[in-house]
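A quick write-up on the structure given underneath.
All of the numbers you see were taken from the coordinates with simple rules; none came from a lab. All figures in this text were calculated on a predicted structure; none of them were measured in a lab. Neighbour counts run over all protein chains shown; Cβ positions are idealised from the backbone, glycine included.
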Amino acid sequence: MMTEKQVLNQFRAALTLGAKQRAFAKMVPRLIDKAHELGFEVTLGDAYRDPRVFGPIGERKGYGESRSAHKQRLAVDLNLFRDGKYLTETEDHRPLGEWWESQGGTWGGRFSDGNHYSVAHEGIA
Ligand SMILES: [Zn+2]
């Protein structure tokens, strides 16, 4: 018997890149709403990383990773604040990251990138 999350993940795995990009764009406002519900304020960091600037998948140019969901339009970095203080630790993101995972997303806190929220595609998160 598969869990609801496994079913969701199986469904997402079957989606094309374009369908995942559109699903991700619907998930991001809910992520930001959830951050506010948890008592954070948010500013936006990187979303799409243009291959003309950062190289195609597998190439590293600038500060970005070579294999990054940002290059697939499937990731956003969120900066969290509480009481006006910028929260820099991965642990600060844990409640939001774990909620994102419950929605079928991938949280960068699992690979030392706490402010990174993505949907995995073809092994890239
Ligand atoms: Zn990121």
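Structure above, values below:
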quantity: Debye, to nearest 20: dipole size of the chain, +1 on Lys, Arg Cβ, -1 on Asp, Glu Cβ; calculated: 560
quantity: Residues His36, His70, His116, sorted so that the one with the fewest Cβ neighbours within 10 Å comes first; calculated: His36, His70, His116
quantity: Order by protection proxy (mean Cβ within 10 Å, highest first), peptides 97-110, 18-31; calculated: 97-110, 18-31
quantity: Potential extension, Glu122-Tyr86 segment - 0.36 nm per residue separation minus Cα distance; calculated: 9.7 nm
quantity: Efficiency of FRET between Leu8 and Arg67 - r from beta-carbon atoms, R0 25 angstrom, step 0.05; calculated: 0.60
quantity: Size of the chain as Cα extents on the principal axes (Å, biggest first); calculated: 44, 39, 23
quantity: Modelled FRET efficiency - R0 30 Å, Ala19 with Arg52, Cβ distances, 0.05 increments; calculated: 0.80
quantity: In range of the label at Glu37: residues from the range 91-111 whose backbone nitrogen is under 18 Å from the point 7 Å along Cα→Cβ; calculated: 93-107
quantity: Lysines whose Cα lies under 28 Å from that of Lys34, excluding same-chain neighbours fewer than 8 positions away; calculated: Lys5, Lys20, Lys26, Lys71, Lys85
